[in-house]
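What follows is a set of notes on a single structure, which appears directly below.
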Amino acid sequence: MKDGLLITLSMIALTSMCDTVNQLFLKSAIDSLGFPLKANIAGIFNFIFRLLAKPRVWLSFVFSVVSLCIWLLVLGRADLNFAFSADSMHYIFIAFASRFILKEKFTGLRWLGTGLIVAGIVFISLN
Amino acid sequence: MPAKKVTLKILLLLIISDILETAIHFFFKKGALSEAALHVGDLSAAAIFLKGVFLSPFLWAGLFIVALVFVIWTTVLSKIDLSVAVPIASFSYIMVPLVSMFFLDEKISALRWIGILLILSGVILVSLSSKERLCRDK
């Protein structure tokens with residue numbers, strides 16, 4: 001049984017990492033477009049149309065699908081509460097990737113807030 | 001680069017995408033449950049399992065919402081930092097228990113209230129951190 005738990009945890013880590021990579025590609029593609037999105041329907045579709053021309057977005061889709069497949073396998077074998085609580089590591093991956101790969105500026109406040117959210121998710125899933 | 005402040009509009013978009021995200025989880029779990037009897041032991045069993053899941057109408061309902069969320073999420077990410085958008089999106093962890101309390105008459109345990117408060121304060125701090133940055137940049 002312990003063995004199964006380890007496999008489930010590794011799968012959750014893997015799906016979190018894939019989703020982080022997916023978000024990184026998407027965000028960097030959006031940033032590289034370098035023009036503001038106009039907040040009306042035509043503007044949004046124009047923006048997404050240009051975005052879809054970026055190969056990076058398709059890479060992000062691939063990672064998103066892989067992440068989804070692994071997540072479905074996790075849901076098939078694990079309790080939803082447990083899966084969600086372990087998936088809170090996702091927020092840690094995103095924070096570090098944003099800070100060190102996208103070079104977003106972090107204040108103490110942002111680290112603290114992210115930490116609180118991770119702690120909160122673990123608490124919620126403890127039931 | 002556009003201003004990176006979390007405005008009310010962005011917050012609303014994030015909440016909508018959160019609600020949709022909850023629906024996705026619901027549909028995906030439904031899709032996975034219909035195949036749950038199957039034991040996933042090796043790779044070929046996993047392939048059969050996934051094939052079954054992909055034939056489930058619940059999964060396709062979920063995927064339709066995924067496309068919708070992609071549009072909203074792209075809009076949000078074009079306005080604010082990834083490290084702000086993702087934590088704020090954790091709002092669904094708060095909404096699901098609250099919705100179950102008000103509409104399904106479920107009880108929320110003390111432990112869960114602590115978790116909700118922790119997430120809420122975390123979301124507020126992360127949102128504030130992007131405003132703080134805007135002020136400094138000016």
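Read-outs: derived from the displayed coordinates by stated rules, not from any lab. None of the values given here were measured: they were computed from a predicted structure. Note: ideal-geometry Cβ built from the backbone for every residue, glycine included; neighbour counts use all protein chains shown.
Quick notes on this one:
- Shielding by partners, peptide A:102-112 (average Cβ within 10 angstrom, other chains): 6
- FRET efficiency, B:Met95 to B:Trp60 (Cβ-Cβ, R0 25 Å, nearest 0.05): 0.55
- Projected label distance in nm at B:Ser109 and A:Leu9, using a 7 Å step from Cα toward the beta-carbon: 2.1 nm
- Average other protein chain Cβ within 10 Å of Cβ, residues A:73-80: 5
- Across peptide A:23-34, the mean count of Cβ atoms from other chains lying within 10 Å of each residue's own Cβ comes to 3.
- The fewest-to-most ranking of A:Val74, A:Val65, A:Val21, B:Val71 by surrounding Cβ atoms within 10 Å reads A:Val65, B:Val71, A:Val21, A:Val74.
- The trypsin sites (Lys or Arg not before Pro) of the stretch A:1-44 include none that DSSP puts in a loop with a beta carbon having at most 10 other beta carbons within 10 Å.
- Separation in nanometres of the label points that stand 7 Å from Cα toward Cβ, at A:Phe100 and A:Asp31: 1.6 nm
- Loop trypsin sites (Lys or Arg not before Pro), the stretch B:39-124 (other Cβ atoms within 10 Å of the site Cβ: 14 or fewer; DSSP): B:Lys107
- When the Cα convex hull of chain A is projected onto planes of every orientation, the mean area is 9.6 nm².
- The protein assembly as shown: calculated mean residue ellipticity at 222 nm from DSSP helix runs of at least 4, using -39500 (n - 2.57): -27000 deg cm²/dmol
- Between B:Phe102 and B:Ala47, the contour length at 0.36 nm per residue exceeds the alpha carbon distance by 15.8 nm.
- Order of B:Ser129, A:Ser10 under a 10 Å beta carbon neighbour criterion, fewest first: A:Ser10, B:Ser129
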